[in-house]
Every structure is written in C-alpha cells, then in structure tokens.
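Values in this text are rule-based calculations from the coordinates and carry no lab data. Just so it is clear, the structure is predicted and the values come from calculations on it, not from any experiment. Please note: Cβ atoms are built from the backbone with ideal geometry, for glycine as well, and neighbour counts cover all protein chains shown.
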Amino acid sequence: MTARTALWAGALVLAVLGAESAQAQSTLDTVKSKGFIHCGVNTGLAGFSQPDSKGEWRGIDVDLCRAVAAAVFGDASKLRYTPLTAQQRFTALQSGEVDILSRNTTWTLTRDTSLGLNFVGVNYYDGQGFMVPKKRKVKSAKQLNGATVCVQPGTTTELNLADYFRANKMKFKPVVIEKLEEVLNAYFAGRCDVYTTDVSGLVAVRASRAPNPADHVILPEVISKEPLGPAVRHGDDRWFDVVKWSLFATIEAEELGLTSANIDQNLNSPNPVIQRFVGATGDIGKMLGLDNRWAYNIVKQVGNYGESFDRNLTPLGFDRGINKLWTQGGLMYAPPIR
Amino acid sequence: MAREFPRRSGAVRAPRTSWSLNDARVRAFAYQVLLVAAVGLVAWYLVSNTTQNLEKRKIASGFGFLSREAGFEISETTFLSYSAADTYLRAIAVGLLNTFRVAAIGIVLATVLGTLIGLARLSRNWLLSKLAAGYVELIRNVPLLVQLFFWYTVISENLPGPREALSPLQHIFLSNRGIVFPVPRPHPVHPWLGVALAAGVALAWALARWARRRQARTGKPFPVFAAGAALVFGLPLVLYLAAGAPLELNPPVLSGFNFSGGGALSPEFAALLLGLVIYTTAFIAEIVRAGVLAVDRGQFEAAHSLGLSRRQAMRLVILPQAMRVIVPPMTSQYLNLTKNSSLAVAIGYPDLVSIANTTMNQTGQAIEGVAIIMLVYLTISLAISAFMNWYNRRIALRGAKA
C-alpha cells in the first residue's frame, strides 16, 4: 500500500517533470485520440463504484464517467477504470493517470485551489455521520466521549471528526487505516466503537459489508456538508466543460422527463427544449466540441440522474432526500442547456 | 574517492604548464568537469521544469503548509503532546518520534533474540538447534507485510472487547484495544531513581576499567560482571527501599468506551513491533551464526590450551573476532528494520510515513511530502550507519583493514 502510494507520488513527480508538452493539448483531444476515457473510481463502495458479479463497474460515480464516454464517443463503454484509495486519488488525477476523478470526493475550497483540481459539480449531496453497533445503546453522537473511531486517512471526514469532537469538548482515539477493507475489518472486529464517513458510505457499507446489517445503527447527527462530485485537472477548460455539461445533461433529462426508455419516442417531440437537447435543432454539441447527439447518447445509454439513482442507490436503502430535483424540493439543479 | 586514484610517478609526469589533452591528468580533470556539469544541468532542468509545471497546474508548492493547523487527530504520541489544533510540522514530528519508538525498541529486542536464536542454532542440543533452524527458515521466507497483517488480525479479531477484557494478572487487561497495565503514581523519589541508575552505570564502567588495569598489572581477575550488575541494579533498589518503598499504582479502570488511567500498548504498535522483531530476528540469527562459524576452530582450541574456560574463551577470544564479521551486516539489518517500520501504514500505526501521507493528502503537496520522508529516512539511516561504522572501527583488529 505504501508502495502504491509512493508509486502515485512518483508518477506525479515524473508527470510534472516530463509532461510539459502534453499540457498544450486538451484532455478532450488526447481522450479522442486514445479512444477511451480513464476514470478514477473508488476501490469498492456499493452504489457509487463497485464491480458487480460479472466484473462490470456499477454505481452513480461510474454512471457519470459512462455519461461522459457516451457524450464523447457515442459509446458509454469506452472507459477504463482505475480504483483509487482516498490517498491516491488526487495524485492520480494531477499526474494525468486518470482523466476524470469520479470517486465520491468532497468539493472543498482547498482542494479546488491548492490541489490543482476543478470540481465539475455535485452528483450527490452528502453529510458525515457515525455508525455504532446497536448493542452499545448509543443514541446520539454527543455520547461518544472517549470512543475509539475508525476512519480513513486523507479525507475531509478525518478533519470534520477532529473538529466535531473539539467543538463539543469530547475526546476520541482515531484508528486510521487507508484501505476500506482493512478499516471495515477493524470496525466489525470491534477494534473501534464507531465508524465514521459520509452517511451515504455508512448506508452502503451497512447494507453491503456488515455481517448482520440490523446490528448497526447510524446516529442521527449529520456533522458536515459533503457535496460529492467529479473533478478534472485545473487549466483545461474544454474538458472541464465537457464533463460539467455531461453531468448537467443527466439532471436536465430528468427534469424534462426524458429516460432511456422514452427518449426515442421524444426524438420528434414538438417541445423546442427537447429538440435542442436531443440535437435535432441547434448546434449545442458542436459548441462543446462533441457530436450534436451527445445528450441523446447519454440518456439513451446511461439514463437520466433519477434512473441512475434508482438503479444504484435505492436498492441499498437510500432515500432521495435533498438529492431530489429542485422542482421537487431538492438541490439538483442544472443550468439551461441552450 | 579521488584520493585513492593511483598517482603517476614523478618521472613520467608531463611538464606543469602543459594543458594538452594528451596529458592523462588534464584528460581526467576534463572528464570530471564534464560529468559534474552534466549532473548539474540535469538537476537544474528537473528543478526548474517541476516548478514551472507546478505553477502552470496551479498546484501549491513550498513548505509554508508546515506551519498551518493540521486539523486531524493522531492516535498515539511519544513524548510530544499533540492535538488537532497543532501544526503539520508538529504532526510530522509526532510521526517521526513514533517511528523512533518502534525502531529503537525493535532493534534492541531483535538483537537480543537474534543472538540467542543464532547461538541456539549452533547448539549441540539437537532439538534446540532444529527449532532455531525451523524458526529462521519459516520467518525469513514469509513477506513482512503478510506477517504484519497476521499479527494485527490475531490481536484485533481474537481478543475480546474492553468490557470482556481478559485479565491474566490483577489490573492488567488484554483486549482488542491493546494491553493496559497499572503504572506507579508519580512520587518525588522517581527522578532520583533515574539518577541512581545513571550513577550505577557510571560506577560499573569505572570499576570495569580499574579491574582491567589491575588484571593487566597483577594478573588477578575480578568478578566485574556480578559487581557491575550489583551496582547498576542495587543502587536504585537501595534508594527505593530507603524512601520507604512507595508503591501506589494508578490502575486502569473501565469507564465508558475504554479503559482510562494506567499505561497502554495499542494493538497497532504491538502488531508492528511483534512483526518487525520476529522478522528481523531471523536475519540477525543467521548473521550471528555466520559470525561465530567464521572464527577458526583452532582459536577455540588455542584458548583452551591457554587454560581459559569455555565461557572465557567465548567471551575473550571467539566473540571479539566474530564481531568483526557480524557488525557490518548487522548495520544493514538495523537499517532494514527502521525502514520496514514504514509498513505501519498498512495496519494504522501513526508512523512518519502514515502522517506524511495524510499531510500530503490534506495539503496536496506530494513533492514536498515525499521529500520530507526521503530526507528523514536518509538522515536516520546515515546516523545508524555512522554509529555502526564507528563501532566497527573500535572492534576491528588493530592494524587490520576492515
């Protein structure tokens, strides 16, 4: 693991040393010439990015990458995945190893500025929570004074955790392990009293990894804002636009009521907004440097945001909550595609 | 290195003023200047290109982040107190001290155990020597990382939770939170016990010097070891008893989620120390065995015929010669143990690499972070090497080239 982290750091050093000429070119051009998009995903978080029984990657973070591939190539399968730990992810993106980082990553000011990244938008609004074994009979995070807490390093979680305990004048002992499997083993073996990460992660872990999901409770306190979204490298505006509008297209499609099942019937819709969206009129796609049917391809092959949510997260027990469309009282809002 | 270069004799030396390339010295000088220039050029290119690209990608650079607040907690600290409100610099220092702690204890334990097992393998007792051989072959052929995971799993998954902790002795609890044990409450006599110990060591050293001189002069031996041990352990003990043997313990008590009070060894530290010591012991055992075998049997027989006992022969004749063979490879093992301690990342012990990794990730400054890690390990390794080389020179045969 150290070796891998060191490898990524080494890769960054090499890339920064050698990649001067590659900078002039947009990632959009390099992606088109190599014929696939390199997508950095989680090492395995159910609902976000995890390989299924056939080895196919599934999840809403994976769907974001598939949407971009559909927009660029008209083929959502032209992807290669690199599973990344929390510590490897930024270096992998900075060094050019991956073209998109779509790995339940929190958008913060520090990351947006000093890490040389640009966050594209938000594909899941989240917050940090705590999970404890039910037999501990803990009802609130305020009762966690003195607890041992399992957490992954290099995350905003690690910082929020320290902030929260400091603010509430409580003490805790962290057990910090990089690999998700190892940190979960430590929690389920009782090495820690508490496991903390984004609530989405807790729900996914409880449903997919716990020996008996009913033995673990998620405490009511949500201690932070965690807007999770994809990121690209700083200073490459064309590629930034492509990824950003691919995300918006999935949200806009849901708002327009377009799904993978009904988009073919809507190709001849009289609605001018839909006409522009599917590329029947206007040249929206060309402005992005893409095929004019880019958005159609996204919806046809990947589906809209709601479909992706229902397919990946609803079966695990996720509630749409604040991730509903703005028209339904949620936060999901796409600027107009025109 | 340049000094070792064979000098040409004065007879064939070209005239001083000649700057012709036919002169071997001028050529050699020119090559060296070219080489230094090339290395310098490459270094300059790498540095300037890196800074340029970092700037272009808007990745922050420089070491300014070291004075910013770290914001993350560290589970265990050695000597230095730390909280999330402290700086990155302090966090890294805490990591460094944690590395030192595990490396220092590991080196001492591995040396003692390795010597015992190495000598056991040479033993004339069949069972003992085969057991030692089996240990060495088993341990040194399984990767260290696997062993660390093994020990960590054994400790964290097989031991019960703190509420059901095992208690082999009163006030000592064994659970998946580690081992907690009582420590004596602070008492005014404690610092003086340390002083007494230091005084005991100094007196024992002086005694040994005096005994050696006396034996050289008169030939009369003196039981240095027993007397020395009595001084080292006896002085603090006498002082302790004189102070009224104050024994007030601060026992660990289960409160809330965990034990409070007393001292504790975390499972991460225990697993790392166990893994490193067991692994390195196997290599040290082989080094010790090789060192003893390297001494000619005739030395033993010669010592015998001088009338030395078996123990005296071992201590005065065999071991000093074996040490010459043992010390250089032993240095490598010490360096290996120290560097292997960075595998702590895998099992969550907050060593230097673990904390530097977190720092890199929170600040995004990978190049600076890697530079700090490299610099620190280089410094530690060079320091250990320097010490061992000094020791090696001390024990080398007088007049022999090591």
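What residue among A:Leu267, A:Ala210, A:Tyr305 has its Cα farthest toward the positive end of the dipole of the stretch A:207-338, where the charges are +1 on Lys, Arg and -1 on Asp, Glu, each on the Cβ?
Farthest along the dipole direction, towards plus: A:Leu267.
Taking the alpha-carbon set of the stretch A:128-224, what are its Rg and Dmax in Å?
According to the Cα coordinates of the stretch A:128-224, Rg and Dmax are 11.9, 34 Å.
Given N residues in chain B, what is Rg(Cα) / (2.2 N^0.38 Å)?
1.30
Evaluate the distance, in nm, between pseudo-label points positioned 7 Å from the Cα of A:Asp75 and of A:Ile218 along their respective Cα→Cβ axes.
Each label point is offset 7 Å from its Cα along the Cβ direction, giving 3.8 nm.
Applying a 10 Å radius around every beta-carbon, put A:144-153, B:166-175 in order of their mean neighbour count, most first.
The peptides rank, most packed first, as A:144-153, B:166-175.
So if we plug the beta-carbon distance of B:Leu145 and B:Asn250 into 1/(1 + (r/R0)^6) with R0 = 30 Å, what FRET efficiency do we get, rounded to 0.05?
That pair, B:Leu145 with B:Asn250, gives E of 0.20.
Given 37 °C and 0.692 mPa s, compute D for the protein assembly as shown with the Stokes-Einstein relation, Rh being the Kirkwood radius over Cα pairs; round to the nearest whole µm²/s.
For the chosen part, D equals 107 µm²/s.
Whole number please: convex hull volume per residue, Cα atoms of the stretch B:314-356, in Å³.
Once divided by residue count, the hull of the stretch B:314-356 is 83 Å³.
Evaluate peptide B:362-369: per residue, the Cβ atoms of other protein chains within 10 Å of its Cβ; return the mean as an integer.
6
Can you check what the net charge comes to around A:Glu307, using other residues whose Cβ is under 11 Å from the Cβ of A:Glu307 (Lys, Arg +1; Asp, Glu -1)?
Within the 11 Å Cβ shell, the charges total -2.
Counting pairs of alpha carbon atoms under 8 Å apart in space and at least six apart in sequence, what relative contact order in percent does the stretch B:297-392 give?
Value for the stretch B:297-392: 26 percent.
Count, for each residue of A:153-161, the Cβ atoms from other chains sitting within 10 Å of its Cβ, then give me the mean as a whole number.
So the per-residue partner count for this stretch is 5.
For peptide A:172-181, how many partner chain Cβ atoms fall within 10 Å of a residue's Cβ, on average?
So the per-residue partner count for this stretch is 6.
Could you give the size of the charge dipole of the stretch B:114-239 about its Cα centre, using +1 on the Cβ of each K and R and -1 on the Cβ of each D and E, expressed in debye and rounded to the nearest 20?
That gives a dipole near 880 debye.
What is the fewest-to-most order of A:Thr105, A:Thr314 by other Cβ atoms lying within 10 Å of their Cβ?
A:Thr314, A:Thr105
Tell me, B:Trp192, B:Trp19, B:Trp210 in order of fewest to most beta-carbon neighbours within 10 Å?
Going from least to most buried by this count: B:Trp19, B:Trp210, B:Trp192.
Which one, B:Gly134, B:Gly261, B:Gly307, has the greatest fluctuation when you compute a Gaussian network model over chain B with C-alpha springs under 10 angstrom?
Of B:Gly134, B:Gly261, B:Gly307, the most mobile in the Gaussian network model is B:Gly307.
What FRET efficiency do you get for A:Thr110 and A:Lys142 if R0 is 35 Å and r is their Cβ-Cβ distance, rounded to the nearest 0.05?
Calculated value: 0.80.
First measure r as the distance between the Cβ atoms of B:Ala290 and B:Val36, then evaluate 1/(1 + (r/R0)^6) with R0 = 51 Å and state the FRET efficiency to the nearest 0.05.
E(calc), rounded to 0.05, equals 0.80.
Among A:189-200, B:229-240, what's the highest-first ranking by average C-beta atoms within 10 angstrom per residue?
Packing proxy ranking, top to bottom: A:189-200, B:229-240.
Would you work out the charge dipole size for chain B about its Cα centre, treating the Cβ of every Lys and Arg as +1 and the Cβ of every Asp and Glu as -1, and quote it to the nearest 20 debye?
In total the dipole reaches around 2480 debye.
Arranged by the count of other C-beta atoms within 10 angstrom, fewest first, what order do B:Phe269, B:Phe100 take?
The most exposed by this proxy come first: B:Phe100, B:Phe269.
Take peptides A:242-252, A:42-52 and line them up by average Cβ neighbours within 10 Å, highest first, as a rough protection proxy.
With the highest mean Cβ count within 10 Å placed first, the list reads A:242-252, A:42-52.
List the extent of the Cα atoms of the stretch B:233-385 along each of their three principal axes, largest first, rounded to whole Å.
68, 55, 23
In debye, nearest 20, what is the charge dipole magnitude of chain A about its Cα centre with +1 on Lys and Arg Cβ and -1 on Asp and Glu Cβ, if you could check?
Approximately 1000 debye in magnitude.
What longest region of chain B stays clear of trypsin sites (Lys or Arg not before Pro) that DSSP places outside H, G, I, E and B and that have at most 16 other Cβ atoms within 10 Å?
The longest such stretch corresponds to B:125-397.
In terms of Cα to Cα distance under 23 Å, which lysines are near enough to A:Lys324, apart from those fewer than 8 places away along the same chain?
Counting by Cα, and skipping residues close in sequence, A:Lys324 has these lysines nearby: A:Lys225, A:Lys244, A:Lys300.
Where does the Debye-calculated log10 I(q)/I(0) of chain A sit at q = 0.11, 0.13, 0.16 Å⁻¹, using only Cα point scatterers of equal weight, no solvent?
Those come out to -0.73, -0.99, -1.38, one per q.
Alpha carbons only, please: Rg and Dmax for the stretch B:37-122, in angstrom.
21.5, 64
If the cut-off is 20 Å between C-alpha atoms, which aspartates and glutamates fall inside it for A:Lys137, apart from same-chain ones fewer than 8 positions away?
Once the sequence-local aspartates and glutamates are set aside, what remains near A:Lys137 is A:Asp193, A:Asp215, A:Glu221, B:Glu164.
For chain A, what is the calculated [θ] at 222 nm in deg cm²/dmol (nearest 500), taking -39500 (n - 2.57) for each run of four or more DSSP H residues and dividing by its residue count?
Value at 222 nm, helices only: -11500 deg cm²/dmol.
Hey, how much of the P(r) for the stretch A:199-295 falls beyond 15 Å, as a percent of Cα pairs?
Here the long-distance tail beyond 15 Å is 72 percent of all Cα pairs in the stretch A:199-295.
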